[in-house]
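The values are calculated or read from the model by the stated rules, or taken from the named source; none is laboratory data. Owing to the predicted nature of the structure, the values given are computational and were not obtained by experimental measurement. Note: ideal-geometry Cβ built from the backbone for every residue, glycine included; neighbour counts use all protein chains shown. We work out accessible area using only protein heavy atoms, side chains counted, and drop any ligands, DNA or RNA first. Shrake-Rupley method; radii C 1.70, N 1.55, O 1.52, S 1.80 Å.
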Amino acid sequence: MPIAIGVDVGGTKVLAVAVDPTRPTEILAERRVPTPVGDATKILEAIGGAARVVSDDLVAIGRAPEVVGIGIPGLVDTDGRLRAAPNLSGLVGVEIPPRLRELVPYPVVVDNDANCALWAEVCVGAGLGARDAVLVTLGTGIGGALVNDAVLRHGVHGFAGEPGHMVVDPSGPACPCGRKGCWERYASGSGLGMLARRAAEGGRVPAVLELAGGDVSAVDGEHLIAAARAGHPGAGAVLDEFAWWLALGIANLVNVLDPELILIGGGLADESDLFLPRTREELGRMALGASARTGTRVEVATLGSRAGAIGAALLATRVAQRGSTPG
């Protein structure tokens, strides 16, 4: 199978890796660069530059890539055009594959970053063998992806898999998407920070407020996690609240999709021991017919920060072989 380069584009960094699709967890070459702030040209040059460095490293060891996969956060249509992206506004409206072909001499395949991460997990990670799986990524917001009957689902426009913008409280806090009460306002990293600030304002987490220097506006999720790990009970109560909101959204996904596996990824997955047991417990009360859903599991993704890049490489290889949409 052809060697592939996978690039995961985030709001702060661009990660490029080269993999042999028969052993994709063995990284052959890797490059990380900051994501530029600015127009499409600067961002595309960073992506292309990282891919070229990895390609040169491959050539130096007697290998050569044949295809490049790009994972982008936001709504990516079926032509590889980014239609909406809160953290990469400079790329919105750009048809990325032809622009990148000017920078790298290989076929380019573009998909949503969570789609890429889930594909990696079901191929070689925690979802190995699962035919019906959902990925929920807990970062600044909430991303997601869906594999159904072993097929990565994109929807008619390519936009499937945005559970963070399910409205769970119509009178809730404003979301950057323009609506109120989206799930990610409560169950993401920024949501955890909001819950912590509310608790600090109410005097329920003095240890958290102390860690923030006594400034309620400075309280964030990291302060809360540190206090919880130090055993402060007020912090644990806020994490229980966070777990409830996380379970609420997962229950909605379970009711609609009936997956065998829900994977939790993103930066907060590293702290999942603090909230996931309670989330599973609450899910058992919230999901319709929960006692009959004996085949549904909630687990933590295992491929970490490289999942998106590995999955982008695997999807690009699949498209190159089939000449069709990923999945």
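Before moving on, here are some points about what is shown:
- The candidates ARG52, ARG318, arranged from most to least accessible area with a 1.4 Å probe in the full protein assembly, appear as ARG52, ARG318.
- Using a probe of 1.4 Å, the accessible surface attributed to ASP240 totals some 60 Å² when neighbouring protein chains are kept in position.
- A 1.4 Å probe, protein heavy atoms only, puts the accessible area of ASP113 near 40 Å².
- Positive minus negative residues near GLY129 (Lys, Arg vs Asp, Glu; Cβ under 13 Å): -2
- Heavy-atom accessible area ranking, 1.4 Å probe, most first, across THR25, THR296, THR279, THR78: THR78, THR25, THR296, THR279
- The dipole here belongs to the range 164-227: it is taken about the Cα centre, uses +1 on the Cβ of Lys and Arg and -1 on the Cβ of Asp and Glu, and is about 280 debye.
- Largest first, the residues ARG322, ARG101, ARG185 sort by 1.4 Å accessible area into ARG322, ARG101, ARG185.
- The charge dipole of the range 117-270, taken about its Cα centre with unit charges on the Cβ atoms of Lys, Arg (+1), Asp and Glu (-1) only, comes to about 260 debye.
- Here the relative contact order of the range 243-293, from alpha carbon pairs under 8 Å that lie six or more residues apart, stands at 62 percent.
- Computed [θ] at 222 nm, helices only, for the chain once each DSSP H run of length n ≥ 4 contributes -39500 (n - 2.57): -12000 deg cm²/dmol
- Positive-end residue, the range 172-321 charge dipole about Cα centroid, Cβ charges, pick of VAL216, GLY172, ALA292: ALA292
- Here the chain is scanned for GluC sites (Glu not before Pro) in DSSP loops (not H, G, I, E, B) that have at most 12 other Cβ atoms within 10 Å, and the longest stretch holding none of them is 103-327.
- Shown is the FRET efficiency for THR22 and ASP149, computed with R0 = 30 Å from the Cβ-Cβ distance and rounded to the nearest 0.05: 0.80.
- Considering only LEU135, PRO107, VAL238, and ranking their Cα positions along the charge dipole of the chain that arises from unit charges at the beta-carbon of Lys, Arg, Asp and Glu, the one farthest toward the positive end is PRO107.
- Normalising the average separation of contacting C-alpha pairs (under 8 angstrom, six or more residues apart) by the number of residues puts the relative contact order of the chain at 21 percent.
- Dipole check for the range 205-327: with +1 at the C-beta of Lys and Arg, -1 at the C-beta of Asp and Glu, and the Cα centre as origin, the magnitude is about 700 Debye.
- In the set [x] 60, 47, 36; [y] 58, 45, 43; [z] 83, 46, 30, the label that goes with Cα extents along the principal axes in Å computed for this structure is [x].
- Net charge of neighbours whose Cβ lies under 9 Å from the Cβ of LEU15, counting Lys and Arg as +1 and Asp and Glu as -1: +2
- For the chain, the longest principal axis of the Cα atoms and the long axis of helix 307-322 meet at an angle of about 40 degrees.
- Our summary gives the range 48-151 a relative contact order of 21 percent, counting only alpha carbon pairs under 8 angstrom and 6 or more residues apart.
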